[in-house]
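What follows is a set of notes on a single structure, which appears directly below.
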Amino acid sequence: MLFASGGFKVKLYDIEQEQITNALENIRKELKRLEQSDSLKGSLSAEQQLSLISGCSNITEAVEGAMHIQECVPENLDLKKKIFAQLDRIVDDRVILSSSSSCLMPSKLFAGLVHVKQCIVAHPVNPPYYVPLVELVPHPETAPATMDRTHALMRKIGQSPVRVLKEIDGFVLNRLQYAIISEAWRLLEDGVVSPCDLDLVMSDGLGMRYAFIGPLETMHLNAEGMLSYCDRYSEGMKRVLKTFGPVPEFSGATVEKVHQAMRTKVPDDPEHLAARRQWRDDCLKKLAKLKSQLQPE
């Protein structure tokens, strides 16, 4: 949907024809819904965008003439490597081979490929239609032109690409996310706060701020600049950071406590989870619209 919104012709490939059929039908419904709510991305109508998207169950036909291939199979290293080995045998020297992996290292994903210079991880954030961030993570042998072309393409379709300058386990977004999850879990295990109040600290506290500025700019604005902030608060930060405990196990009594709290808030049957995800996506859609109106001049 994002690539079609930018006017690009898109081919969906899967080994199961039913997956392709279902995807095309879901895309049709979603684009029509977005058009009706005046939330459709790009300058083309829903029908025009739909006309750009087709399905294909033959991988060779699917990639013929492609300028960019975005792999989106499940987060399984062997499966992803199998796909890229297939692609490596049939692509030319111009197409970019990109993975949506959220934390698999490019050096493992693309090891031994002839076209390794054309390979890159372009990790989107779920749901990508409303959350524009894309992490671009190179293999050590990825050509600079591959990074530049992927960055330009993501910008063209309205995403916000960031350049991860060297590969690291978990990339950037998940390392930050896991740090928050880890400390949240320790606070719950230590009986400091309830699960619902913990989430409230983020949704009605830090999250409000971080929807528009990051932690570094927050520091900068919360004092008379960064040097002032570090001078004023560094000792307190270091003192608190030294009290952080070991990596949690994410099991036992705490996981049961959190599970019950989350089930009370959102029952974990498919219907309730789907409804809550739809609500989340609608909120993100409105936030994205608001952010576009509030861009600094």
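Of the residues P161, P248, the single one that is closer than 30 Å to A111 by Cβ and either open to solvent by less than 60 Å² (accessible area, probe 1.4 Å) or touching a residue at least 24 places away in the same chain (Cβ under 8 Å) (or both) is P161. Taking the conditions (1) assigned to a strand (DSSP E or B); (2) touching a residue at least 40 places away in the same chain (Cβ under 8 Å) in turn, Y129 satisfies each one other than (1). Restricting attention to the range 2-24, does a residue exist that is over 20 Å from I157 (Cβ atoms), open to solvent by less than 80 Å² (accessible area, probe 1.4 Å), of a type outside the set (D, E) and assigned to a loop (DSSP other than H, G, I, E, B)? Looking through the range 2-24, none of the residues is over 20 Å from I157 (Cβ atoms), open to solvent by less than 80 Å² (accessible area, probe 1.4 Å), of a type outside the set (D, E) and assigned to a loop (DSSP other than H, G, I, E, B).
Can you name the residue in the range 121-143 that is open to solvent by less than 50 Å² (accessible area, probe 1.4 Å) and over 23 Å from G214 (Cβ atoms) and is also nearest to the chain's Cα centre (by Cα) among such residues? Among residues in the range 121-143 that are open to solvent by less than 50 Å² (accessible area, probe 1.4 Å) and over 23 Å from G214 (Cβ atoms), the one nearest to the chain's Cα centre (by Cα) is H139.
Of everything in the range 27-54, what is in a helix (DSSP H, G or I) and either of a type in the set (D, E, K, R) or over 20 Å from I157 (Cα atoms) (or both)? Give them in sequence order. Across the range 27-54, the qualifying residues are R28, K29, E30, K32, R33, E35, Q36, E47.
Conditions (1) assigned to a loop (DSSP other than H, G, I, E, B); (2) among the small types (G, A, S); (3) in contact with a His (Cβ under 7 Å, 6 or more places away or on another chain), marked per residue:
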position	(1), (2), (3)
T60	no, no, no
G65	yes, yes, no
E75	yes, no, no
Q86	no, no, no
D92	yes, no, no
L97	no, no, yes
S101	yes, yes, yes
K108	no, no, no
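Step by step: first the residues of the range 60-99, then only those that are small (G, A, S) and either surrounded by fewer than 18 Cβ atoms within 10 Å (Cβ to Cβ) or free of Cβ contacts under 8 Å to residues at least 12 places away in the same chain (or both), then the one that is farthest from K166 (Cα to Cα). Which residue is that? Looking at residues that are small (G, A, S) and either surrounded by fewer than 18 Cβ atoms within 10 Å (Cβ to Cβ) or free of Cβ contacts under 8 Å to residues at least 12 places away in the same chain (or both), I get G65. Restricting the search to the range 141-199, which residues are of a type in the set (F, W, Y) and farther than 12 Å from V121 by Cα? The answer is Y178, W185. A search for C-beta distances below 9 Å between a residue of the range 227-240 that is in contact (Cβ under 8 Å) with a residue 12 or more places away in the chain and on the phi < 0 side of the Ramachandran plot and any residue that is of a type in the set (D, E) and part of a helix (DSSP H, G or I), counting only pairs 6+ apart in sequence or on different chains, returns nothing.
The values are calculated or read from the model by the stated rules, or taken from the named source; none is laboratory data. Because the structure is a prediction, the values reported are computed rather than measured. In this analysis, Cβ positions are derived from the backbone assuming ideal geometry, glycine residues included, and neighbour counts consider all displayed protein chains. Only protein heavy atoms, including side chains, enter the accessible area calculation; ligands, DNA and RNA are left aside. Shrake-Rupley method; radii C 1.70, N 1.55, O 1.52, S 1.80 Å.
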